[in-house]
């Protein structure tokens, strides 16, 4: 499905670090500390703290040496569970310099969602905020591999978390000791390892839409190319200021915002969390030139009352996922020039991007980045190519080694399945037009997207099935309008003896065990679920019924 025609592909570009031997985070930060040492890299407006490139390098290497001095080894997993804060950044950088593998977890995980991910990666070191200590204490069996905790903050909550972790038999201390070196074990300083481009850099978990979430192994080379693609996509330079307000435990903020800024020597502004009401003032006050927004984030900002100074800013480009239908009005209101888009996923970087400043058809996610990738669109059952204009499964293959995922951690069968016939199978439905533009259509499997998160229907269902009164259940999405959030409905079949159990009790059960973004809007009791002859639930049929129920309910409220 690729084409050598220039008009059908993304223009070739020169990476900021053209020699692939330098495509590892320690080399990149060292280079930027030499060339941009006095420039501000990390800007955290919530506290007013700022770190230059030289300061960032000094603290990152000190923290890495401290971790290694306590017995941690290169290749071990360093788990991070924290909201957006400077300690998250330095945990990531310390892991890179120590040759360890960063594993960021969503702060909304709990119960079986949390246990599965910890059990899968078997971390040895954890850097966490104090409020998450309880998760580890409640899941001691799954956390048996952990040796040491570094707890962020300096208040009473931090001390209480450290005391509780120590009482449970773990080594635990304040994160500040990692940063200032006071937590270093006695003896000589531990030399830092030489990190190679093919070494694993991070494990990011998928949403788990068709089963338990999978841990994507990302090499240093893949993360570097991913970030360099964003540099090219936005024309990011060292005079730019890039702001992120998405969580760092997602790749969007980490290797599509912070890492690109680091590569070119730009200033990276990290906000604690997204705020539609504050967004315009943040852009103006921090002199932001580039940022990224996803889905309903646009809608919430757009619905804020217009202000006379909305366009009084330095903004020039937004990386949109995807561009909203009111994109032109959005540009005019906030006074910037360009939207850019791309098709990407954690496993395969960004095989398609929109050329900067070029108009693209509505709904298109880009042209093929032929310099780095080969792609095909195929029948998902036969792996045979489908013609232009027809939806099929997107398959991806890299042209340069180590620039897509290195497999799913601890899941060799899932890795082999994804890489069958020597192509990585994305599971995404995509089509290509005659002019070489690609369009993402949908996940081929069941998927739910709510509040910026992909929800695993499988894990949601497993949580509900844990209720003693539940015999079987099925979670489906009530699909939203373009750019909006899906709603979640769950159909529940109770056991015959479950007298007196109602929807309210099932809802309460979910509220105690599910992340907020996975909480169903509707819980419906059912006498049975439609199934195929092989016993699988017909979710397509349930979606139709859920959508109709939702529509009827909305009519009733409006009547």
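The values are calculated or read from the model by the stated rules, or taken from the named source; none is laboratory data. For clarity, every value in this text was computed on a predicted model and none was experimentally measured. As a convention, Cβ positions derive from the backbone with ideal geometry for all residues, glycine included, and neighbour counts pool all protein chains shown.
Tallying residues that are in contact with a helix residue (DSSP H, G or I) (Cβ under 7 Å, 6 or more places away or on another chain) and either more than 17 Å from residue 249 (Cα to Cα) or not assigned by TED's automatic domain parsing to the domain that holds residue 172 (or both) within region 115-132 yields 0. The set of residues in region 408-423 that are in contact (Cβ under 8 Å) with a residue 40 or more places away in the chain and either in a helix (DSSP H, G or I) or crowded, with 20+ Cβ neighbours inside 10 Å (or both) comprises 408, 409, 414, 418.
Of the helices (runs of 4 or more DSSP H) contained entirely in region 67-168, those carrying at least 2 residues that are in contact (Cβ under 8 Å) with a residue 40 or more places away in the chain and closer than 25 Å to residue 181 by Cβ fall at 86-97. Pull up region 307-339, narrow it to residues that are assigned to a helix (DSSP H, G or I) and surrounded by 15 or more Cβ atoms within 10 Å (Cβ to Cβ), then point me to the one that is modelled with the lowest pLDDT. So the residue we want is 327. Just give me the residues in region 231-256 being more than 13 Å from residue 43 (Cα to Cα) and within 15 Å of the chain's Cα centre (by Cα), in sequence order. Scanning region 231-256 gives 246, 247, 248, 249, 250, 251, 252, 253, 254, 255, 256. Identify the residue in region 169-203 that is more than 20 Å from residue 27 (Cα to Cα) and exposed (fewer than 13 other Cβ atoms within 10 Å of the Cβ) and, among all such residues, is modelled with the highest pLDDT. For region 169-203, the residue satisfying everything is 169. When region 138-152 is filtered for residues that are surrounded by fewer than 20 Cβ atoms within 10 Å (Cβ to Cβ) and touching a helix residue (DSSP H, G or I) at 6+ places or on another chain (Cβ under 6 Å), the ones remaining, listed by number, are 139, 142.
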